[in-house]
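Trainee: Shown below is the structure under consideration.
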Amino acid sequence: MLIFFRRMSKVVIIKGEDPHIMIEKALKYFTKPFNKRIILKPNLINTEPPPTTTPCETIEALVEYYLKFGFELVIAEGSGWCNTHEAYRKLGYLKLKEKYGVKLVDINNDDFGIVKNPNALFLKEFEFPLTLKDAYIISVPVLKEHSITKVTLSLKNMLGATIGEKARVAKKGRFHKMLNESIIDINLYLKPRLAIIDGRVAGLGGELKAKPKKLNVMIFSEDLVAADSVGASYFGKAPLEISHLKLAQKVGLGIADLNKIEVINIK
């Protein structure tokens, strides 16, 4: 009788305060991207400062790290609750364009192609933003709670990497008809390769105006489900009791069972 063992997912947790040092140390545990173009996807849901949104200094640390190896860097977001370029301006992201020459893209208004998956849970057709085509996508959220999904981490963050509706707010409202299923489908279509969750200062109480809690951690994994599951545990939440994480494991997107995740703690 043959017995097959599934390899455990690896999650790297590093403690500290300086994202430049933390990113430099943690990314040594992962292979370099195989694509020339890297998409950094922060969570800029609105123009509120961190921990509601991803700190600009974290994205800057990633830009500096990957530019050393000759990668092309693009910062891409499609804010759900404000004008994306206004978020870039108010939260300091314009300086990254000026200082490093990186491109800032508003995914809400990106060109797109239609892709289909008859086996999708909800989104049988999907408007695939062309900026993301053939790119290595890194989801870079802040460690934050959510009023509906309990947490909004690397998987939920990818809703912002979709074409926006023509509305002033709630530009991703169509996904809320079946939110958990939409999260899964979007991640299967876009296939982000790495999660980097900034939990140096976590966000408590909700997604639009989070209350800060200092944790001094960052979480890294090529398995976004595993990264989010470990992240959820910092809020005392059981990953398999979070609907989209449980569903993500069920469809094979990643591992949500903490007992099947290898956690590497570094300082």
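Trainee: In segment 49-96, how many residues are part of a loop (DSSP other than H, G, I, E, B) and within 24 Å of Asn216 (Cα to Cα)? Can you show your working first?
Mentor: First, pick out the residues of segment 49-96 that are part of a loop (DSSP other than H, G, I, E, B): 49-55, 68-71, 78-83, 91-93.
From what's left, within 24 Å of Asn216 (Cα to Cα): 49-55, 91-93.
Matching residues across segment 49-96 total 10.
Trainee: Answer yes or no as to whether Ala161 is under 23 Å from Arg193 (Cβ atoms) and of a type in the set (Gly, Ala, Ser).
Mentor: Against the criterion (under 23 Å from Arg193 (Cβ atoms) and of a type in the set (Gly, Ala, Ser)), Ala161 qualifies.
Trainee: Just to check your reading of the model, which residue among Ile114, Ile45, Ile21 is of a type in the set (Val, Ile, Thr), touching a residue at least 12 places away in the same chain (Cβ under 8 Å) and closer than 27 Å to Ala226 by Cα?
Mentor: After applying the criteria, what remains is Ile45.
Trainee: Between residues in segment 50-69 that are among the small types (Gly, Ala, Ser) and residues that are surrounded by 20 or more Cβ atoms within 10 Å (Cβ to Cβ), which pairs lie under 6 Å by C-beta distance while being six or more apart or on different chains?
Mentor: Ala61/Pro19; Ala61/Ile23
Trainee: Just give me the residues in segment 24-40 being touching a residue at least 60 places away in the same chain (Cβ under 8 Å) and assigned to a loop (DSSP other than H, G, I, E, B), in sequence order.
Mentor: Phe30, Pro33, Phe34, Asn35
Trainee: Have a look at Ala161, Ala195, Ala226, Ala210 and point out the one that is touching a Phe, Trp or Tyr at 6+ places or on another chain (Cβ under 9 Å), modelled with pLDDT of 95 or more and surrounded by 23 or more Cβ atoms within 10 Å (Cβ to Cβ). Give the derivation first.
Mentor: On the way: Ala161 fails: touching a Phe, Trp or Tyr at 6+ places or on another chain (Cβ under 9 Å); Ala226 fails: touching a Phe, Trp or Tyr at 6+ places or on another chain (Cβ under 9 Å); Ala210 fails: touching a Phe, Trp or Tyr at 6+ places or on another chain (Cβ under 9 Å).
Ala195 is the lone residue from the list that is touching a Phe, Trp or Tyr at 6+ places or on another chain (Cβ under 9 Å), modelled with pLDDT of 95 or more and surrounded by 23 or more Cβ atoms within 10 Å (Cβ to Cβ).
Trainee: Here is a follow-up. Answer yes if at least one residue in segment 125-137 is within 19 Å of Glu222 (Cα to Cα), touching a strand residue (DSSP E or B) at 6+ places or on another chain (Cβ under 7 Å) and without any contact (Cβ under 8 Å) to a residue 60 or more places away in the chain, and no otherwise.
Mentor: The answer is no, given that none of the residues of segment 125-137 is within 19 Å of Glu222 (Cα to Cα), touching a strand residue (DSSP E or B) at 6+ places or on another chain (Cβ under 7 Å) and without any contact (Cβ under 8 Å) to a residue 60 or more places away in the chain.
For every residue, the table says whether it meets (1) modelled with pLDDT of 95 or more; (2) within 18 Å of the chain's Cα centre (by Cα); (3) surrounded by 14 or more Cβ atoms within 10 Å (Cβ to Cβ); (4) among the basic types (Lys, Arg).
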site: Thr53; (1), (2), (3), (4): yes, yes, yes, no
site: Thr58; (1), (2), (3), (4): yes, yes, yes, no
site: Leu73; (1), (2), (3), (4): yes, yes, yes, no
site: Gly80; (1), (2), (3), (4): no, yes, yes, no
site: Ala87; (1), (2), (3), (4): yes, yes, yes, no
site: Phe112; (1), (2), (3), (4): yes, no, yes, no
site: Asn117; (1), (2), (3), (4): yes, no, no, no
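Trainee: Inspect all residues belonging to segment 63-70 and state whether any of them is of a type in the set (D, E, K, R), over 24 Å from Lys214 (Cα atoms) and crowded, with 18+ Cβ neighbours inside 10 Å.
Mentor: no
Trainee: Now a separate question. Which of (1) in contact (Cβ under 8 Å) with a residue 60 or more places away in the chain; (2) assigned to a helix (DSSP H, G or I) does Asn216 not meet, given it meets every other one?
Mentor: (2)
The values are calculated or read from the model by the stated rules, or taken from the named source; none is laboratory data. This one's a predicted model, so the numbers in the text were calculated from it and none came from an experiment. Cβ coordinates were reconstructed from backbone atoms using ideal geometry, including for glycine residues, and neighbour counts include every protein chain displayed.
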